[in-house]
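Below is one structure; the comments refer to it alone.
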Amino acid sequence: MEGGSWPQTTGIGHTRWATHGEPSDLNAHPHTSTDGKIAVVHNGIIENYIPLKEKLIAQGHRFVSDTDTEVIAHLVSSNYKGDILEAVKETVKELQGSYSVAVLCQDEPDKLIAIRKNSPLIIGLGEGENFIASDIPAILKHTRTIYLLDNDEVAVLTKDDVKVYDELGKEVEKQSLKIDWDPGDAEKGGYDHFMLKEIHEQPRAIQDTLTGRITEDGEIKLDDIKLDKETLDNFDHIQIVACGTAYNAGMLGKQYIEKYARIPVEMEAASEYRYKNPIVSDKTLLIVLSQSGETADTLAAIDIAKKQGARVLAITNVVGSSIAREADDILYTNAGPEIAVASTKAYVTQVACMLLIALYMGELKGNVTKEEADEVLAALKESSDLIQRALDDADKIKDFAYEHFKNEDMYLIGRGEDYVTAMEGSLKIKEISYVHSESFPAGELKHGPIALIEDGTVVLAVATQENTFEKLLSNIKEVKARGAHVLAITSDDHPEIMTEVDQAFLIPKTNQVVAPIPAVVYLQLFAYYLAVARGCDVDKPKNLAKSVTVE
Ligand code: AGP
């Protein structure tokens, strides 16, 4: 620093998700007050920033960015009378929206003030050092002991101390939480990208999901779910709500629950659910899925459903996350931290959780025999080996991706569970390789999409379901006849597919409800190698964030 060293040991930083103003140096955090004495970083959205900004400008504050965040710095500055904690408390009274904010003040350089409302924020407790972060992996290298800050709480951190106050200013005794994730989980461990590492972690992740949940005699034990038969019988329907990849896992969950428990299930994207005035009552079980446990749309859906009497069961990966705290019942996926923006191991573990829940409900309802459950559970336990087989085929998948990386459009087809796998594959391709891809139920091709198929079009066909295999084979022949280059994923009962397509992968025979788990791994790898071939930033795709904590 110009003028010599500055022995400051307190700092803040933030990778900004652009909500107001373009991504640029001026809009980058931290933002400061006009005199430069107050600096803030902020995750979330300040909804009333326009009137606040107008008021502050009228008072003489000079704004330099287009962000909503900058109003916080100016507001804290205008409320500062020599006590930064008091200034922040005053400021909070004027803020509307969702926020986790860290504030530094030049006159009190050893203090860091943190506030939170509907946006994730954790405090890491170290030796002679303390941290705040929006996500656990960020601090894993330094500490595994954390406090979870609750909505409307304010924390004051110094290097040796953390104090937390509630809305009324009363000091709160926080219980610390020990995170059992390995710090190495937040490192690439020799892989080129976190996504590739996490794809390869899937065999272990599935085992961790199942550990302790299937007893020696094949009983499903979901201790974190307190649903007994009487409670389950009280529900006349189930709603599943999630976003993105978690939505796709929920789609499989819907099929599993309807198959085994015979309870009608509605599936809805959380961003739609929250604005559609959903039909909810105390006879509704709402199941939400979320890797991060912090997705704003999913949290809003929970709020709406709870207010109308629904019971909420959450499947999430992050212990103590906001969704875990809002839910009545929780099933943790136990996948370990997922760092890459593209979700992989969270998906397969969510699918495994959905299958466990569906079987559990099916047994409570008396619709599933012990033999049937045993067979599915045995297949589920073996699914890590099947994933490993898919991983062993990585080079062949890479070759197909490298041959076709210049294609700008790709289509994925499947039926039933295979259609959901196609949906998830399509999402992976879009988000990390920026190739336009769409998934269709294969039977819908003839109703329109087949018009898109021409010489050289890439079609990825998922055909693991026995009852629809022949139908899907016909669809494959239809697209081949129009010049498509086809990669197919099927079971090793159908080697005949090899002569019909350009590349085929045969999954060793397994129960059909489990097949989506290994099947999706081929598509994850395909999307990964496609992105690498196209020179994309795999772990940090443009315009995307790992946790979508804003609307
Ligand atoms: C997955 O690859 C995506 N990055 C995204 O769709 C994600 O699944 C979605 O934003 C939901 O996140 P959540 O599971 O943390 O709620």
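Name every residue in segment 159-174 that is of a type outside the set (Lys, Arg), closer than 27 Å to SER98 by Cβ and either surrounded by 11 or more Cβ atoms within 10 Å (Cβ to Cβ) or not assigned by TED's automatic domain parsing to the domain that holds ASP135 (or both), in order of residue number. Break it down into steps so the answer makes sense when it comes.
As a first pass, look at segment 159-174 and keep what is of a type outside the set (Lys, Arg): 160-162, 164-169, 171-173.
From what's left, closer than 27 Å to SER98 by Cβ: 162, 164-169, 171-173.
VAL162, VAL164, TYR165, ASP166, GLU167, VAL172 - these are the residues of segment 159-174 that are of a type outside the set (Lys, Arg), closer than 27 Å to SER98 by Cβ and either surrounded by 11 or more Cβ atoms within 10 Å (Cβ to Cβ) or not assigned by TED's automatic domain parsing to the domain that holds ASP135 (or both).
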**OP:** Tell me which residues, restricted to segment 178-208, are at pLDDT 90 or above and part of a loop (DSSP other than H, G, I, E, B).
**Re:** TYR191, ASP192, HIS193, GLU201
Original post:
Counting only residues that are assigned to a helix (DSSP H, G or I) and of a type in the set (D, E, K, R), which one in segment 67-96 is nearest to the chain's Cα centre (by Cα)?
Top reply: GLU70
**OP:** Determine, yes or no, whether ILE489 is at pLDDT below 95 and surrounded by 12 or more Cβ atoms within 10 Å (Cβ to Cβ).
**Re:** no
Original post:
Within the bounds of segment 351-371, is there any residue that is closer than 17 Å to LEU289 by Cβ and free of Cβ contacts under 8 Å to residues at least 40 places away in the same chain?
Top reply: no
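Please note which strands (runs of 3 or more DSSP E) are completely contained in segment 97-148 and include at least 2 residues that are under 19 Å from GLU47 (Cα atoms). Reasoning before the result, please.
Working: elements: 97-105, 112-117, 122-125, 130-133, 145-148.
Qualifying strands (runs of 3 or more DSSP E): 97-105, 112-117.
Please go through segment 241-283 and pick out each residue that is more than 16 Å from the ligand (Cβ to nearest atom), part of a helix (DSSP H, G or I) and in contact with a strand residue (DSSP E or B) (Cβ under 7 Å, 6 or more places away or on another chain). Walk me through it before giving the result.
Just the residues of segment 241-283 that are more than 16 Å from the ligand (Cβ to nearest atom), to begin with: 254-266, 275-283.
Imposing the further condition that a residue be part of a helix (DSSP H, G or I) reduces the set to 254-260.
If the condition is that a residue be more than 16 Å from the ligand (Cβ to nearest atom), part of a helix (DSSP H, G or I) and in contact with a strand residue (DSSP E or B) (Cβ under 7 Å, 6 or more places away or on another chain), then LYS254, ILE257, GLU258 are the ones that fit.
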**OP:** Identify all residues within segment 338-363 that are among the polar types (S, T, N, Q), within 9 Å of the ligand (Cβ to nearest atom) and within 14 Å of GLU201 (Cβ to Cβ); write none if there are none.
**Re:** SER343, THR344
Original post:
Mind checking which pairs have a first residue in segment 209-237 that is assigned to a loop (DSSP other than H, G, I, E, B) and a second that is of a type in the set (S, T, N, Q) and surrounded by fewer than 16 Cβ atoms within 10 Å (Cβ to Cβ), Cβ under 7 Å, 6 or more apart or different chains?
Top reply: LYS221/THR215
**OP:** Please name all residue pairs, on different chains or six or more residues apart, with Cβ atoms under 8 Å, provided the first residue is in segment 532-551 and is under 17 Å from ARG16 (Cα atoms) and of a type in the set (Asp, Glu) and the second residue is away from the ligand (no atom under 11 Å from the Cβ) and in a loop (DSSP other than H, G, I, E, B).
**Re:** ASP539/HIS193; ASP539/ILE339
Original post:
How about segment 409-451: which of its residues are under 20 Å from VAL514 (Cα atoms) and outside any helix (DSSP H, G or I)?
Top reply: LEU412, ILE413, GLY414, ARG415, GLY416, PRO441
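Pull up segment 284-295, narrow it to residues that are more than 18 Å from THR549 (Cβ to Cβ) and either among the hydroxyl-bearing types (Ser, Thr, Tyr) or in contact with a helix residue (DSSP H, G or I) (Cβ under 6 Å, 6 or more places away or on another chain) (or both), then point me to the one that is farthest from the ligand (Cβ to nearest atom).
Pass one, segment 284-295, residues more than 18 Å from THR549 (Cβ to Cβ): 284-287.
Applying the additional criterion that residues be either among the hydroxyl-bearing types (Ser, Thr, Tyr) or in contact with a helix residue (DSSP H, G or I) (Cβ under 6 Å, 6 or more places away or on another chain) (or both) yields 284, 286.
On the way: THR284: 20, LEU286: 15 Å.
Per the stated criteria, the residue is THR284.
How many of the residues making up segment 296-308 are more than 14 Å from the ligand (Cβ to nearest atom) and either outside the structural domain of ALA270 (by TED's automatic domain parsing) or not in a loop (DSSP other than H, G, I, E, B) (or both)? Don't jump to the end; show me each part of the working.
At the first step, the residues of segment 296-308 found to be more than 14 Å from the ligand (Cβ to nearest atom) are 303-308.
Retained after the next criterion (residues that are either outside the structural domain of ALA270 (by TED's automatic domain parsing) or not in a loop (DSSP other than H, G, I, E, B) (or both)): 303-307.
So the answer is 5.
Taking segment 123-142 as the search range and keeping residues that are in contact with a helix residue (DSSP H, G or I) (Cβ under 7 Å, 6 or more places away or on another chain) and touching a residue at least 40 places away in the same chain (Cβ under 8 Å), which one is farthest from GLU167 (Cα to Cα)? Lay out the reasoning, then the answer.
Going through segment 123-142, the residues in contact with a helix residue (DSSP H, G or I) (Cβ under 7 Å, 6 or more places away or on another chain) turn out to be 124, 131, 133, 137, 140-141.
Okay, now just the ones that are also touching a residue at least 40 places away in the same chain (Cβ under 8 Å), so 137, 140-141.
Numbers: PRO137: 28, LEU140: 29, LYS141: 31 Å.
It comes out as LYS141.
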Original post:
Could you list, in sequence order, the residues of segment 6-55 that are in contact (Cβ under 8 Å) with a residue 60 or more places away in the chain, buried (at least 18 other Cβ atoms within 10 Å of the Cβ) and among the polar types (S, T, N, Q)?
Top reply: ASN43
**OP:** Within segment 450-460, identify whether any single residue is more than 16 Å from the ligand (Cβ to nearest atom), under 24 Å from GLU198 (Cα atoms) and in the same structural domain as TYR434 (by TED's automatic domain parsing), and answer yes or no.
**Re:** yes
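In segment 402-425, which residues are farther than 17 Å from ILE476 by Cβ and not basic (Lys, Arg)?
Looking only at segment 402-425, we keep the residues that are farther than 17 Å from ILE476 by Cβ, and these are 402-403, 405-409, 417, 420, 423-424.
Matches in segment 402-425: TYR402, GLU403, PHE405, ASN407, GLU408, ASP409, GLU417, VAL420, MET423, GLU424.
Could you say which residue among ALA394, ALA401 is under 20 Å from GLY483 (Cα atoms), small (Gly, Ala, Ser) and away from the ligand (no atom under 16 Å from the Cβ)?
Values: ALA394 fails: under 20 Å from GLY483 (Cα atoms).
It is ALA401.
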Original post:
Taking segment 495-548 as the search range and keeping residues that are within 16 Å of the ligand (Cβ to nearest atom) and among the polar types (S, T, N, Q), which one is modelled with the highest pLDDT?
Top reply: GLN524
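The values are calculated or read from the model by the stated rules, or taken from the named source; none is laboratory data. Bear in mind the structure is a predicted one, so any value in this text is a computation, not a measurement. Here Cβ is always computed from backbone atoms with ideal geometry, including for glycine, and neighbour counts include all displayed protein chains.
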